[in-house]
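What follows is a set of notes on a single structure, which appears directly below.
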Amino acid sequence: MTRPVACIIGAGSGIGRATAEVLHREGYDLILADLSTEGLEPLRIAFNAQVAALDIADRHALGLFANGLPEIDALVLTAGLSPSMGSFERILAVNLTATAAAVELLRQRLRAEGAAILISSMTAHTAPVEDPRIAALLDQPEKPDLAARLSELIGPEAALPGMAYALSKAGILRMARRFATPFGRQGHRICSISPGCIDTPMGRLEMGRSETSRNALKAAPIPRSGTSEEVSEAIAFLVSRRASYITGCDLQVDGGWVGASLADPPGSSLKSAVALARLKD
Ligand SMILES: NC(=O)c1ccc[n+]([C@@H]2O[C@H](COP(=O)([O-])OP(=O)(O)OC[C@H]3O[C@@H](n4cnc5c(N)ncnc54)[C@H](O)[C@@H]3O)[C@@H](O)[C@H]2O)c1
């Protein structure tokens, strides 16, 4: 029997790396990509993984990568930037526009019954997308001047990296739902995962910058950071046949943060921490 193949982009660190470890344990052959191969090298050696340097925001490189890809059973896109890692424009370009392009190109390599997993965030669940014009823009991530158009709608003073992060991840939530039907027609599934505060280099960077988030974490139903393994176990479940009737939806792996904050009164510490994250410059 041929072994299943998983392609993970953003596998050099954090959740992507943990997903490589879990899927290797589950019997997958691995094709791993990240901005550089440095973080992938230990995985290449340990798991005999195929590795590649790839910037998903580089459309030409993405096309070449897609052309060289064999048929795959699982596609996991974890590459992303947090609010401290880029400008309003760059975060939207990587987290939303490039992810959408990667889904479009790489889904063509999925075998029957294959699945794709996108990574959203708990911040997406309370992002300000009530205005249908904002939602419409998030649903057309390839539109030129996306950042400028969004900035016009939310007001230039709100066009901060934290807001770009929340909007880009809200776009990812919507993408998994929007793509469910075209995926389904091909016999494929697509889901998103919304991690909470996860103990990865990115998670530590953001928590280190926000006392509000650190305090709010203590009020979450599970009052600690999650591990990248806890997220990757959920990813491994969703790409597996055990999840064969699950598509077009999001799984929150956040220690209950979003659920509790939605139930909380306005001004509660959980709600405020998520809202304040958008004001990061
Ligand atoms: N850690 C958290 O607390 C948390 C919470 C919510 C959502 N997330 C999301 O989970 C995903 C993974 O985050 P993580 O915590 O593992 O972060 P991380 O920084 O540890 O890993 C992200 C990886 O993505 C790669 N990457 C970034 N830009 C890329 C690009 N343009 N092309 C290719 N690779 C690129 C980085 O080099 C890095 O190896 C991200 O999308 C992030 O937004 C993380």
query: closer than 25 Å to F237 by Cα and either within 14 Å of the ligand (Cβ to nearest atom) or of a type in the set (D, E, K, R) (or both): does that describe L40?
result: yes
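Kindly indicate whether any position in the stretch 23-36 is under 20 Å from V94 (Cα atoms), within 12 Å of the ligand (Cβ to nearest atom) and outside any strand (DSSP E or B). Break it down into steps so the answer makes sense when it comes.
Step one: of the stretch 23-36, the residues under 20 Å from V94 (Cα atoms) are 32-36.
If we keep only those that are within 12 Å of the ligand (Cβ to nearest atom) as well, we get 32-36.
If we keep only those that are outside any strand (DSSP E or B) as well, we get 35-36.
Scanning the stretch 23-36, I find at least one residue that is under 20 Å from V94 (Cα atoms), within 12 Å of the ligand (Cβ to nearest atom) and outside any strand (DSSP E or B), so the answer is yes.
Can you report the number of residues in the stretch 235-270 which are at pLDDT 95 or above, more than 16 Å from Y28 (Cβ to Cβ) and either within 16 Å of the ligand (Cβ to nearest atom) or among the aliphatic types (A, V, I, L, M) (or both)?
8
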message: Quick check on the stretch 94-114. Is at least one of its residues closer than 18 Å to S232 by Cα and either out of contact with any Phe, Trp or Tyr (no Cβ under 8 Å at 6 or more places or on another chain) or of a type outside the set (A, V, I, L, M) (or both)?
response: yes
Test set (1) at pLDDT 95 or above; (2) more than 15 Å from the ligand (Cβ to nearest atom); (3) of a type in the set (A, V, I, L, M) - M1 fails condition number: (1)
task: Need at least 3 residues that are under 30 Å from A112 (Cβ atoms) and either among the aliphatic types (A, V, I, L, M) or touching a strand residue (DSSP E or B) at 6+ places or on another chain (Cβ under 7 Å) (or both) per element, so show me which helices (runs of 4 or more DSSP H) inside the stretch 169-255 make the cut, counting only ones lying wholly within it.
output: 228-239
- request: Go through the stretch 115-141 and give me each residue that's surrounded by fewer than 21 Cβ atoms within 10 Å (Cβ to Cβ) and within 16 Å of the ligand (Cβ to nearest atom).
  value: T126
field: Filtered residue count, the stretch 147-177, keeping only those that are of a type in the set (A, V, I, L, M), open to solvent by less than 10 Å² (accessible area, probe 1.4 Å) and out of contact with any Ser or Thr (no Cβ under 6 Å at 6 or more places or on another chain)
entry: 5
query: Taking the stretch 1-24 as the search range and keeping residues that are more than 16 Å from the chain's Cα centre (by Cα) and of a type outside the set (A, V, I, L, M), which one is farthest from A116 (Cα to Cα)?
result: T2
- request: Could you list, in sequence order, all residues of the stretch 256-281 that are among the small types (G, A, S), surrounded by fewer than 16 Cβ atoms within 10 Å (Cβ to Cβ) and not in a loop (DSSP other than H, G, I, E, B)?
  value: A263
message: Given the criterion within 14 Å of the ligand (Cβ to nearest atom) and open to solvent by 60 Å² or more (accessible area, probe 1.4 Å), identify the matching residue among P195, P201.
response: P201
message: If I filter the stretch 6-20 for residues that are away from the ligand (no atom under 15 Å from the Cβ), without any contact (Cβ under 8 Å) to a residue 40 or more places away in the chain, open to solvent by less than 60 Å² (accessible area, probe 1.4 Å) and not β-branched (V, I, T), do I get at least one hit?
response: no
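The values are calculated or read from the model by the stated rules, or taken from the named source; none is laboratory data. Quick caveat: nothing in here was measured; it's all calculated off a predicted structure. Don't worry about glycine lacking a Cβ; one is built from the backbone with ideal geometry, like all the others, and counts go over all protein chains shown. The accessibility values were calculated without ligands, DNA or RNA, using every heavy atom of the protein model including side chains. Shrake-Rupley method; radii C 1.70, N 1.55, O 1.52, S 1.80 Å.
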